[in-house]
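Encoded as structure tokens, the structure appears first; notes follow it.
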Amino acid sequence: MTSRLTLPGMLISALALFASNAFAQAGAPATGAPAGRGGGRGGILAADPKNAGRAYDKHDISGIWSRNGSPGGYGGGGTCRDCVDRGFGTEVPPLTPLRQKMFDANKPSYGRNAGTPDAAAHPEEPIGRRRAVPPANGTDPYQTCNPMGPSRALIYPDPIEMNVLADKILQQFEWGYGVRTIWTDGRSIPEDPDQPRWWGYSVGKWDGDTFVVDTTGVDERTWVDHFGYPHSTQMHLQERYRRIAYDVLELNMTITDPKVYTGVWKSETKKFRKLAKDGIKTIDGWAGLMEDVCAPADDVELFNKRIRDPAGGVVH
């Protein structure tokens, strides 16, 4: 695979955003749970039956993990059936008045299409999941290649490699090819960091069989999830990872952000499935994460004018 964001890759990304309603419908698992709550319809489960009973170390979270519902474990699209969708959680605390304006200004392209009968037919879902617009009319920061931030990057259904070192864990995300550092050397997170960061400031430690990560100082230009929920730089994100089987990693998250939300926001339980070390390969046989880089230099502007924008009714 080349180091450039190729046109086919860009086209797939645009179609993934534009077909927001299709993804929302595909969000319902075969069990009949509400749309948007599970993974892709017909997608595989996180646990592979062939690994049932296989021994594993609960304190070993190294390796490549994915929430993707395809057998290969990558390629965007839907999540595995029991991995839950790209939202943080459905029990959203009320927004503070100031941050309601920020929420309204964020225009996502994922979820049920805004103003459609489909959106109106699901009042049980938070409004954030029922307001999608075409990418050309959206404000998704990733459309201009900005980093996703930790919570959103963790939710996206493409592989994440956990590289465990002596004093830190490096999370490398295939989507965007970003790297996040989680320090495990005993330091404390800054309470009020002077300089916000796209990935924030993260520290991790073991609490029994649970790996706990605390993060602060995340740049508020990032979104909590694909539905455009906002946060402030004061957000405290906590992740709790548990390896519950040889090939399954569970993640529960909480957000505490009094400037934006009137209560603590708990995520739905996300699941990742473990991929083989050589499970991702290029056509040349090169194993490892794909370089899915969003590179403005690779004709992104031209692609947007010729394909993305016309698809949303914007003609230059």
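The values are calculated or read from the model by the stated rules, or taken from the named source; none is laboratory data. Being a predicted model, the structure only gives us computed values, none of them experimental. Cβ atoms come from the backbone with ideal geometry, glycine included; neighbour counts cover every protein chain shown.
Is it the case that some residue within segment 220-229 is at pLDDT 95 or above and either on the phi > 0 side of the Ramachandran plot or touching a Leu at 6+ places or on another chain (Cβ under 8 Å) (or both)? Within segment 220-229, one or more residues are at pLDDT 95 or above and either on the phi > 0 side of the Ramachandran plot or touching a Leu at 6+ places or on another chain (Cβ under 8 Å) (or both). For the residues Ala33, Ala28, Ala46, the requirement of being part of a loop (DSSP other than H, G, I, E, B), out of contact with any Ser or Thr (no Cβ under 7 Å at 6 or more places or on another chain), at pLDDT 80 or above and of a type in the set (A, V, I, L, M) singles out Ala46.
Yes or no, residue by residue, for (1) of a type in the set (Gly, Ala, Ser); (2) under 22 Å from Ile160 (Cβ atoms); (3) free of Cβ contacts under 8 Å to residues at least 60 places away in the same chain:
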| position | (1), (2), (3) |
| --- | --- |
| Lys50 | no, no, yes |
| Trp65 | no, yes, no |
| Gly77 | yes, yes, no |
| Val84 | no, yes, no |
| Gly115 | yes, no, yes |
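Selection of first residues in segment 240-254 that are buried (at least 19 other Cβ atoms within 10 Å of the Cβ) and of second residues that are assigned to a strand (DSSP E or B) and of a type in the set (S, T, N, Q), restricted to Cβ pairs under 9 Å at least 6 apart or on distinct chains, gives the following pairs, ordered by first then second residue: Tyr241/Thr210; Tyr241/Asn252; Met253/Gln238. Scanning segment 135-152 for residues that are outside any loop (DSSP other than H, G, I, E, B) and in contact with a Pro (Cβ under 8 Å, 6 or more places away or on another chain) yields Ala136, Gln143, Thr144. Here segment 215-248 is the region considered, the condition is being in contact with a His (Cβ under 7 Å, 6 or more places away or on another chain) and of a type outside the set (A, V, I, L, M, F, W, C), and the residue that is nearest to Pro97 (Cα to Cα) is Glu220.
Which one of these is under 30 Å from Pro117 (Cα atoms), out of contact with any helix residue (DSSP H, G or I) (no Cβ under 6 Å at 6 or more places or on another chain) and at pLDDT below 95: Pro141, Pro193? Only one candidate qualifies: Pro141.
Taken together, the criteria place Arg180 among residues that are of a type in the set (D, E, K, R) and in contact with a helix residue (DSSP H, G or I) (Cβ under 7 Å, 6 or more places away or on another chain). Restricting attention to segment 178-196, the residues that are in a loop (DSSP other than H, G, I, E, B) and surrounded by fewer than 16 Cβ atoms within 10 Å (Cβ to Cβ) total 10.
Condition first: under 17 Å from Glu239 (Cα atoms) and either over 21 Å from the mean Cα position of the chain (by Cα) or in a loop (DSSP other than H, G, I, E, B) (or both). Now tell me which residues in segment 165-177 satisfy that.
First, the residues of segment 165-177 that are under 17 Å from Glu239 (Cα atoms): 168-173.
Across segment 165-177, the qualifying residue is only Lys168.
The condition (being modelled with pLDDT under 95 and surrounded by 14 or more Cβ atoms within 10 Å (Cβ to Cβ)) is satisfied by just one residue among Gly9, Gly53: Gly9.
Scan segment 249-292 residue by residue and report those that are touching a His at 6+ places or on another chain (Cβ under 9 Å) and either in a strand (DSSP E or B) or aliphatic (A, V, I, L, M) (or both).
Taking segment 249-292 and keeping what is touching a His at 6+ places or on another chain (Cβ under 9 Å), we get 254-257, 259-261.
The answer is Thr254, Ile255, Thr256, Val260, Tyr261.
Determine whether Leu302 is part of a strand (DSSP E or B) and not polar (S, T, N, Q). Judged against the criteria, Leu302 is not a match. Residues that are surrounded by fewer than 18 Cβ atoms within 10 Å (Cβ to Cβ) and under 26 Å from Glu239 (Cβ atoms) do not occur anywhere in segment 150-160. Scanning segment 75-134 for residues that are in a loop (DSSP other than H, G, I, E, B) and among the β-branched types (Val, Ile, Thr) yields Val84, Thr90, Val92, Thr96, Thr116, Val133. Checked against (1) within 16 Å of Val224 (Cα to Cα); (2) surrounded by fewer than 20 Cβ atoms within 10 Å (Cβ to Cβ), His122 meets all criteria but (1).
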